[in-house]
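What follows is a single structure, written as structure tokens, with notes after it.
The values are calculated or read from the model by the stated rules, or taken from the named source; none is laboratory data. From a predicted model like this one, the values you see are computed outputs, not experimental measurements. Please note: Cβ atoms are built from the backbone with ideal geometry, for glycine as well, and neighbour counts cover all protein chains shown. These accessible areas exclude ligands, DNA and RNA; they are computed on the full protein's heavy atoms, side chains included. Shrake-Rupley method; radii C 1.70, N 1.55, O 1.52, S 1.80 Å.
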Amino acid sequence: MKLLEDRIRSDGDVLPGNVLKINSFLNHQVDPELMKKVGEEFSHLFKDSGITKVLTCEASGIAPGVMTAYELHVPLVFARKKKPATLNDAVYWADVYSYTKKVTNQICVEQKFLHKGERLLIIDDFLANGEAVKGMINIANQAETEVAGVGIVVAKTFQGGSEWLKNHGYRLEALAEIDSLANNQVHFVGEK
Ligand code: 5GP
């Protein structure tokens, strides 16, 4: 998605540890116009996949997730990173290891929001090693739903997650694919 790549080029900062900071339009401040286009693009890509629900993870997956769900006319469910006091009902849990933070966190979704046989589209802001998406797939499996696709705003293809998903037969669509952040430069897949 050229608009997204242009925005990453103009606003993105490369931090140590192969981390791309895009806080001005996705991870802190959110650009609703761009998120609308992200939602339209994912909706276009997955319109024939029979999606019944979008699943994402708080906090940064919510903006692209809700715009995609809006375009597909289905609900959005976002996994919580901490079990809130108000969440007393039965929940599905999954461990998510963060390579950047070197800690394992748990994510949870209330069982009543995922129904057996549903076709889920998993949306997230970034794909690196794939741990967050694997956690959501784990929850989808516990709920006996089907993961019909995975839509990622920015995939860092050099960090294993993209390969894992493809090798395990998941349909992956990434709107921007970065194959290197060496020398503090963003290098997109297919770029000379
Ligand atoms: P993974 O679980 O695939 O290793 O990492 C994905 C999660 O880590 C994303 O949900 C995102 O929150 C965070 N993340 C991974 N890499 C980056 C990055 O380069 N920049 C930002 N802002 N977040 C990242």
| task | Evaluate the following for ILE178: is it in contact with a Gly (Cβ under 9 Å, 6 or more places away or on another chain) and of a type in the set (A, V, I, L, M, F, W, C)? | result | no
| said: Looking at region 89-102 only, could you name the residues that are at pLDDT 90 or above and either out of contact with any helix residue (DSSP H, G or I) (no Cβ under 6 Å at 6 or more places or on another chain) or assigned to a strand (DSSP E or B) (or both)? | reply: VAL91, TYR92, TRP93, ALA94, ASP95, VAL96, TYR97
| Counted residues, region 173-192 - those being under 16 Å from THR56 (Cα atoms) and within 12 Å of the ligand (Cβ to nearest atom) | 1
| query | What number of residues in region 154-163 are within 9 Å of the ligand (Cβ to nearest atom) and either open to solvent by 20 Å² or more (accessible area, probe 1.4 Å) or among the charged types (D, E, K, R) (or both)? | reply | 3
| task | Could you grab me the full set of residues in region 120-142 that are more than 12 Å from the ligand (Cβ to nearest atom) and either in a helix (DSSP H, G or I) or closer than 21 Å to GLU5 by Cβ (or both)? | result | ASN138, ILE139, ALA140, ASN141, GLN142
| aliphatic (A, V, I, L, M) and more than 16 Å from the ligand (Cβ to nearest atom): does that describe ILE51? | yes
